[in-house]
1. Hey, could you pull the Cα Rg and Dmax for the range 414-495, both in Å?
2. Which whole-percent values make up P(r) of the range 48-176 when all C-alpha to C-alpha distances are grouped in 10 Å steps starting at zero?
3. How high is the relative contact order of the range 102-182, in percent, counting Cα pairs under 8 Å that sit 6 or more residues apart?
4. For the range 114-189, which chymotrypsin sites (Phe, Trp or Tyr not before Pro) pass both filters: DSSP loop (anything but H, G, I, E, B) and at most 14 other C-beta atoms within 10 Å?
5. In what order do Asp478, Asp101, Asp425 fall by count of nearby beta-carbon atoms within 10 Å, going from fewest to most?
6. Would you order Trp228, Trp473 from fewest to most other beta-carbon atoms within 10 Å of each residue's own beta-carbon?
7. About the Cα centre of the range 48-176, how large is the charge dipole given +1 on each Lys and Arg Cβ and -1 on each Asp and Glu Cβ? Please answer in debye to the nearest 20.
8. Place a +1 charge on the Cβ of each Lys and Arg in the chain and a -1 charge on the Cβ of each Asp and Glu, then give the dipole magnitude about the Cα centre in debye, rounded to the nearest 20.
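What follows draws every value from the coordinates through simple rules; no lab data is involved. None of these values were measured; they are calculated from a predicted model. Neighbour counts are summed over all protein chains in view; Cβ atoms, including those assigned to glycine, are modelled from backbone coordinates with ideal geometry.
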Amino acid sequence: MSIADNVATDHLSWRQGKLPSLSGRAIMFRESISVLDMFKVGVGPSSSHTLGPWVAARRFVAKILSANLRVQHVRVHLYGSLAKTGKGHGADLAILLGLADEDPVTFNLDSLHSFLASIHRQKNINFGGVQTLEFDPYTDLIFCYDESLPLHPNGMRFEAQFDSGTSVSEVYYSTGGGFVSHEKEMDQQSSTLVLLPYPIECAADLSDWCRSSGQSISRVVAENESAWRSTEATRHQVLAIWHVMRDCIYQGCHTSGELPGGLHVERRACGINQRLLKAVPCPDYDSWCDAIAKGGQSFAYTLDWLSCFALAVNEQNATFGRIVTAPTNGAAGVIPAVLQYMLIFDAPADCDTAVLNFLLTASEIGCLFKKRATISAAMGGCQAEIGVSSAMAAAALTEYRGGSVGQCLMAAEIAMEHHLGMTCDPVGGLVQVPCIERNVMGAIKAVTASQLALFGNPDKARVSLDAVIHTMWETAQDMNHKYKETSEGGLATVIPTSLSEC
């Protein structure tokens, strides 16, 4: 049977509501994912290794406290990719914050280092914010480098002992983009199933609904969002997400220095910003955007800014800054960069509506990849992060520029097609090299994919978005584990050797 026949067979199964498994892994079906699930406010540098463990720790704390048992001791084990790149990705820090029941959305990041230093110095933690426990991060937070849990590379086990002499052990998995599942929830239909007016499991579903309703992708998604909240609430919350993104861009473009972690990577966005604006002072975001727009529309100038925006976000991400998963933290710069580029150099009449529609469209493309493949680099390599974010941005930009639904899906396919096979090989386990520059390339590919699609005829396309998603997942399964966020292959093994030899 040909690849095309396989895809057609799988697609028929999707439509019939069957639950096939690809090489032994059951895919979640009929999963209801909102735009606010795909775009979540959190803290860098990693959605799977920082935000996910943070959320998992808080879930564990809530479960323990609800049992009304007096806790005597807590221990946490990190496995697989979480162990191998956890320290560089801040998983240990996130676990401590989660056990203290701090909120990643509101936690004061200025107090991060003093908060963590206090735990290490005093060897105790305020469990759930209500009970002080003895806790030594060096002995009670255990990195199991040579062990993996069975259902996902990003596994963690939380253990609690009670004064009564009983104990409990709970396993959670961080599945990418800040999504977390208890082991009992893995490979099951989503427990948060919401009945949507336009249920979508694949790109063909999305295309059919748009065709039958006569609506754009963003409008179909907007109607689905009404199953969760009012239209006005969706608009308000999505725009709040954008405000976090744009603040991250602005701060990143106005902060210099060296990134933490020991690689001695210098921030570049600030210097590019200063050179392009010739040091013109811009005290706030609006004046800064006005100054950029006055610089012209030349190819080199606009490309420089697109690159600068993406660098800015991921430099903030690398310093434990406040970030929006888009759909992950490691790929957080692509979508904000393309959106900021669009707002400045192709300015809409109604900025807020343009932002809303852009993020709604982008989120649905991300949902397709999460449902039919993965958005976890520990499962699929960097194609699952930068590739997905590039596809999301490409589709959203194409809709904004007047592209048909077919051209939007074509743009997403083109963007992903040229990320297939991209490995995740973070040097030193840090989300810096090559991750930051990859966001720049993902943004550039998104714009290019959109341009190609706008000149293209989707009816003549040889590869569909569903086919490329299918291919991405098969590629992920074939990829050697060392290229899946372990720092055991690729640049991660070459660069430290080169540095030591210098």
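1. 15.1, 45
2. 13, 48, 34, 5
3. On the way: 67 pairs, mean separation 12.1, N = 81.
Relative contact order of the range 102-182: 15 percent.
4. Numbers: sites: Phe115, Phe127, Phe135, Tyr138, Phe143, Tyr145, Phe158, Phe162, Tyr172, Tyr173, Phe179; in loops: Phe135, Tyr145.
When the chymotrypsin sites (Phe, Trp or Tyr not before Pro) of the range 114-189 are filtered for loop state and at most 14 Cβ neighbours within 10 Å, Tyr145 remain.
5. Numbers: Asp478 9, Asp101 16, Asp425 25.
Going from least to most buried by this count: Asp478, Asp101, Asp425.
6. Values: Trp228 17, Trp473 22.
Going from sparsest to densest Cβ surroundings: Trp228, Trp473.
7. On the way: 10 positive and 13 negative charges, 18 e Å.
Once rounded to the nearest 20, the dipole reads 80 debye.
8. Values: 37 positive and 51 negative charges, 23 e Å.
Roughly 120 debye, rounded to the nearest 20.
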